[in-house]
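Student: Right, I'll just put the structure down here and ask away after.
The values are calculated or read from the model by the stated rules, or taken from the named source; none is laboratory data. The structure presented is a predicted model; accordingly, all values stated were derived computationally and were not measured. Every residue, glycine among them, receives a Cβ derived from its backbone with ideal geometry; neighbour counts consider all protein chains shown.
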């Protein structure tokens, strides 16, 4: 069951087959059509999602209705509103499917329980969020330096296929640059 | 030994006295004078630091020599170059003392070993880096929205005493705003 998930865990944690089977019982599968919104501001957030197939964006709208993208999530990526998930606050973000999507999902409660039961599951979660933390730090520094060129290059290195899968306007909303600047960088 | 550290762990993890004593053997204490640089770009990074007393900044200089601040670290905060620590790459950052500082430090190897030995130590590390991840996400969104006012307010909420301890120019370098904008916000 869930071979992509099993392989994904094995990259960071040493799980026995029995442990993975226990973990797998906590996941369920769900499909969404392109454009579906799986989370929106104000929602209670009780699940974390693993992307088996497809692409999503996590974003919010500012007071002027302008879209700002926190994250793109494609195959083997995790997505949720983590602040809401960990604090119990309502979601601040939209999560929307940019393609047809196949997700696995686990509840926060099951995640907590697995961290208690299976030390290597907690190992996996620690290493995964550490990678996310480092990635966000790099993004903060790139935004502070206000260097559109290096932000563009960073995204291209991190997700080389993203530029084929996502409209330019969304790339611009992720990088925090205008579409004109993006077109210049892209040439 | 290390009562501040013990209290700090107890906020997120359930450690027995024996476990804490084992953990404490992996830490050592060091003092630095104001202005000391404890890490600089190109250095190998083998330790994580816990601030017992004082205040530090983690920053880098861009190609024009302009300073950009990733993080201020005060009492009960952890500091290192985490990307370098976890990947083995050389440091990209300076870490400098803004006051006289008392640090506890642990090697990456000991940290890894403690995560293996003591499940609750790994719990602590996971929850700590999760909080850091969420905080960096919020900072990314504030920078993307390019809203100096909310960035200023966020920092004031997060570290209310920081504004008494840090020169305005450094606050501006953290927020990614000019000193003029900062003075306007401060009034």
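Student: Tell me which residues, restricted to the stretch B:153-180, are in a helix (DSSP H, G or I), under 22 Å from residue A:60 (Cβ atoms) and either touching a residue at least 12 places away in the same chain (Cβ under 8 Å) or within 13 Å of chain A (Cβ to nearest Cβ) (or both). Write out each step before concluding.
Tutor: Residues of the stretch B:153-180 that are in a helix (DSSP H, G or I), as a first pass: B:153-158, B:162-165, B:168-175, B:179-180.
Those left that are additionally under 22 Å from residue A:60 (Cβ atoms): B:153-158, B:175.
Answer for the stretch B:153-180, where residues must be in a helix (DSSP H, G or I), under 22 Å from residue A:60 (Cβ atoms) and either touching a residue at least 12 places away in the same chain (Cβ under 8 Å) or within 13 Å of chain A (Cβ to nearest Cβ) (or both): B:154, B:155, B:158, B:175.
Student: Here is a check on your reading of the model: is residue B:141 crowded, with 16+ Cβ neighbours inside 10 Å and in contact with a helix residue (DSSP H, G or I) (Cβ under 6 Å, 6 or more places away or on another chain)?
Tutor: Numbers: crowded, with 16+ Cβ neighbours inside 10 Å: yes; in contact with a helix residue (DSSP H, G or I) (Cβ under 6 Å, 6 or more places away or on another chain): no.
Taking the combined requirement at face value, the residue does not satisfy it.
Student: Within the set of pairs 6+ apart or on separate chains, which have a first residue in the stretch B:1-26 that is free of Cβ contacts under 8 Å to residues at least 60 places away in the same chain, a second that is in a loop (DSSP other than H, G, I, E, B), and C-beta atoms under 6 Å apart?
Tutor: The qualifying pairs are B:24/B:1; B:24/B:2.
Student: So, in the stretch A:117-149, of the ones that are more than 10 Å from every other protein chain (Cβ to nearest Cβ) and closer than 26 Å to residue A:66 by Cα, which residue ends up modelled with the highest pLDDT?
Tutor: This residue is A:148.
Student: Right, another one. Assigned to a strand (DSSP E or B) and surrounded by fewer than 18 Cβ atoms within 10 Å (Cβ to Cβ), is that true of residue B:109? Give the derivation first.
Tutor: Values: assigned to a strand (DSSP E or B): no; surrounded by fewer than 18 Cβ atoms within 10 Å (Cβ to Cβ): yes.
Spelling it out, it is not the case that residue B:109 is assigned to a strand (DSSP E or B) and surrounded by fewer than 18 Cβ atoms within 10 Å (Cβ to Cβ).
Student: If you check A:159, A:174, which single one turns out to be surrounded by 16 or more Cβ atoms within 10 Å (Cβ to Cβ) and either over 23 Å from residue B:87 (Cα atoms) or touching a helix residue (DSSP H, G or I) at 6+ places or on another chain (Cβ under 7 Å) (or both)?
Tutor: Numbers: A:159 fails: either over 23 Å from residue B:87 (Cα atoms) or touching a helix residue (DSSP H, G or I) at 6+ places or on another chain (Cβ under 7 Å) (or both).
Matching residue, one of A:159, A:174: A:174.
Student: Just one of B:105, B:94, B:82 is under 25 Å from residue B:123 (Cβ atoms) and out of contact with any helix residue (DSSP H, G or I) (no Cβ under 6 Å at 6 or more places or on another chain); which is it?
Tutor: On the way: B:94 fails: under 25 Å from residue B:123 (Cβ atoms); B:82 fails: out of contact with any helix residue (DSSP H, G or I) (no Cβ under 6 Å at 6 or more places or on another chain).
Matching residue, one of B:105, B:94, B:82: B:105.
Student: Right, another one. Considering the stretch B:144-167 alone, what residues qualify as being on the phi < 0 side of the Ramachandran plot and more than 19 Å from the chain's Cα centre (by Cα)? It would help to see each step written out before you state the result.
Tutor: Applying the first criterion (on the phi < 0 side of the Ramachandran plot) to the stretch B:144-167 yields B:144-145, B:147-167.
The answer is B:144, B:145, B:147, B:148, B:149, B:150, B:153.
Student: Let me ask something else. From the list A:150, A:183, exactly one residue is in contact with a helix residue (DSSP H, G or I) (Cβ under 8 Å, 6 or more places away or on another chain), farther than 30 Å from residue B:121 by Cα, surrounded by 13 or more Cβ atoms within 10 Å (Cβ to Cβ) and free of Cβ contacts under 8 Å to residues at least 24 places away in the same chain. Which is it?
Tutor: Details: A:183 fails: surrounded by 13 or more Cβ atoms within 10 Å (Cβ to Cβ).
Checking each option against the conditions leaves just A:150.
Student: Something else: Assess whether residue B:75 counts as being surrounded by fewer than 18 Cβ atoms within 10 Å (Cβ to Cβ) and in contact with a helix residue (DSSP H, G or I) (Cβ under 6 Å, 6 or more places away or on another chain). Explain how you work it out, then say what you get.
Tutor: Details: surrounded by fewer than 18 Cβ atoms within 10 Å (Cβ to Cβ): yes; in contact with a helix residue (DSSP H, G or I) (Cβ under 6 Å, 6 or more places away or on another chain): no.
No, not satisfied.
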